[in-house]
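The values are calculated or read from the model by the stated rules, or taken from the named source; none is laboratory data. These numbers were taken from a predicted model, which means no experiment stands behind them. Virtual Cβ from ideal backbone geometry, glycine too; neighbours counted across all protein chains shown.
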Amino acid sequence: MKFLVVSDLHRKKSDFSWINEEIRSSGAEAVLVLGDVTDFGSKKLVSEILSSIDSKVYAIPGNCDPLDFSEGVPESAVDMHGKAVCFGDYRLAGLGGSNVTIFGTPFELKEDEIYSRLKEISSEGMILMTHAPSYGILDHIPNGTSVGSPAVLKIVEEFRPVLALSGHIHEDFGVIEKNGTVFVNPGPAKDKRFAVVKIENGKVEAELRKH
């Protein structure tokens with residue numbers, strides 16, 4: 001199973017020809033979108049952007065997306081906010097929005113809500129897609145401060161996903177393996193950064209790329 005992971009598109013229009021080029025060249029079977037599809041845009045723009053991706057799309061909102069994001073997810077895509085679905089041989093669980101920031105962005109959740117909503121849909125060895133990263137892992141802003149979610153980290157520690165995907169923090173993209181979980185922040189797609197992830201025989205391989 002091979003798929004593209006993108007996050008933090010921050011778009012005002014639906015031009016994603018470069019993503020479609022990468023889908024074709026990589027042989028990806030699906031695209032996982034980790035939020036901030038728009039830059040404070042509307043559900044109509046969400047629909048236009050996700051519809052422009054020529055692949056099966058699984059998407060969650062980011063903190064800069066509208067609260068009615070789910071209503072904008074087109075029929076060609078899968079709304080993963082607060083939901084879990086079968087994804088190949090794995091369970092894919094998703095939750096969008098972010099933990100509370102100093103910026104007062106539209107789609108923010110308190111830690112107890114993040115935890116309770118994720119726990120309802122989580123299972124051992126899942127693939128986890130969240131906009132906000134686990135606290136302390138790929139969550140550092142330029143001054144070195146960790147701004148990730150303790151609730152997401154708690155879920156990871158309890159359910160030990162094989163793969164934990166997140167975005168939100170543009171500067172701290174990377175791939176880290178810790179306690180059997182591979183953590184991936186693909187970097188901001190607004191800068192044409194993305195990741196290609198392959199899972200075969202229970203082994204996760206993730207590669208960061210830039211178009």
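Condition first: over 14 Å from the mean Cα position of the chain (by Cα), in a strand (DSSP E or B) and surrounded by fewer than 17 Cβ atoms within 10 Å (Cβ to Cβ). Now tell me which residues in the stretch 150-185 satisfy that.
Passing the criteria: 176, 177, 178.
Yes/no per residue for (1) among the charged types (D, E, K, R); (2) out of contact with any Pro (no Cβ under 9 Å at 6 or more places or on another chain):
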site	(1), (2)
22	yes, yes
43	yes, no
52	no, yes
86	no, yes
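With (1) under 15 Å from residue 192 (Cβ atoms); (2) modelled with pLDDT of 95 or more as the list, and residue 24 as the residue in question, which single condition is left unmet?
Of (1) under 15 Å from residue 192 (Cβ atoms); (2) modelled with pLDDT of 95 or more, only one is false for residue 24: (1).
Residues in the stretch 4-17: is at least one in a helix (DSSP H, G or I) and of a type in the set (S, T, N, Q)?
Scanning the stretch 4-17, I find at least one residue that is in a helix (DSSP H, G or I) and of a type in the set (S, T, N, Q), so the answer is yes.
Those residues that are part of a strand (DSSP E or B) and exposed (fewer than 12 other Cβ atoms within 10 Å of the Cβ), I need them from the stretch 186-202; list them, please.
Across the stretch 186-202, the qualifying residue is only 200.
Can you tell me how many residues in the stretch 130-165 are in contact with a Gly (Cβ under 8 Å, 6 or more places away or on another chain), under 25 Å from residue 9 (Cβ atoms) and among the small types (Gly, Ala, Ser)?
Count: 4.
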